Amino acid sequence: PLDDGLRRDVDAIYNAAERAARIVRNLQTFARKRHTTRTMVDINHVVRDTLALRAYEQRAANVVILEALAAALPPVFADPHQIQQVLLNLIINAEQAMLSAHGRGVLVIRTWHDMEREAVVLEINDDGPGIPDSLQPKIFDPFFTTKDVGKGTGLGLSLSFSIIKRHGGAIQVRSTPGHGSSFRVW
């Protein structure tokens, strides 16, 4: 039991420490210092585990999650921790965009098997403000961010792009300003 002032201070310290740890992890992964362990992975399992990590924050922030996960997806050869990092980056970015625009949001996460491409597809759709056309070509560039100083490093999407590319996949954004964004990962 802490008084309100002390609770705010402790929360601020905790949030700063978490942010610092996240930046260091991102820089290590970006610099390819992290050892990867690939195995056969059920993408739906990674999605569910990742959503469980964010469940409290999403409920507290009025973010509704809609899952449309295909049954019987073929497993993919991947590092589940790195795929989770990509998914967390995409989910957190979507949450922040929706909350800053509307104070709430709806996030739709879908998976399916694209037989033509012989790939498993993971799609994250949000109902946030969207990404201006002029910025879309830059969003995967290292250190590019539209967030306020101290709110983002500009490594999340660049790191995600790098991880997916090293896995032999691709990541794509579709966004219409005012109508949300959609990220697809193959």
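Sub-6 Å Cβ pairs linking a first residue in region 91-114 that is farther than 18 Å from residue 44 by Cα and among the charged types (D, E, K, R) to a second residue that is modelled with pLDDT of 90 or more and crowded, with 16+ Cβ neighbours inside 10 Å, at least 6 apart or interchain, are 95/63, ordered by first then second residue.
Looking at region 34-54 only, could you name the residues that are open to solvent by less than 30 Å² (accessible area, probe 1.4 Å) and farther than 15 Å from residue 121 by Cα? Across region 34-54, the qualifying residues are 50, 51. Looking only at residues in region 109-131 that are part of a loop (DSSP other than H, G, I, E, B) and charged (D, E, K, R), the one that is most open to solvent (accessible area, probe 1.4 Å) is 116. Scanning region 81-88 turns up at least one residue that is over 15 Å from residue 42 (Cα atoms), surrounded by 14 or more Cβ atoms within 10 Å (Cβ to Cβ) and free of Cβ contacts under 8 Å to residues at least 40 places away in the same chain. Going by the structure shown, is residue 54 within 12 Å of the chain's Cα centre (by Cα) and modelled with pLDDT under 90? When the stated conditions are applied, residue 54 passes them.
Taking the listed residues 106, 149, the one that is more than 25 Å from residue 52 (Cα to Cα) and either part of a strand (DSSP E or B) or modelled with pLDDT under 95 (or both) is 149, with no other qualifying. Scanning for something outside any helix (DSSP H, G or I) and either under 14 Å from residue 92 (Cβ atoms) or at pLDDT 80 or above (or both), does region 8-31 turn up at least one residue? Looking for residues that are outside any helix (DSSP H, G or I) and either under 14 Å from residue 92 (Cβ atoms) or at pLDDT 80 or above (or both), one finds none in region 8-31, hence no.
The values are calculated or read from the model by the stated rules, or taken from the named source; none is laboratory data. Keep in mind the model is a prediction, meaning the values are calculated, not measured. Note that each Cβ is placed from the backbone with ideal geometry, even for glycine, and that neighbours are counted across all protein chains shown. For the accessible areas, the whole protein counts, side chains as well, though only heavy atoms, and no ligand, DNA or RNA atoms are used. Shrake-Rupley method; radii C 1.70, N 1.55, O 1.52, S 1.80 Å.
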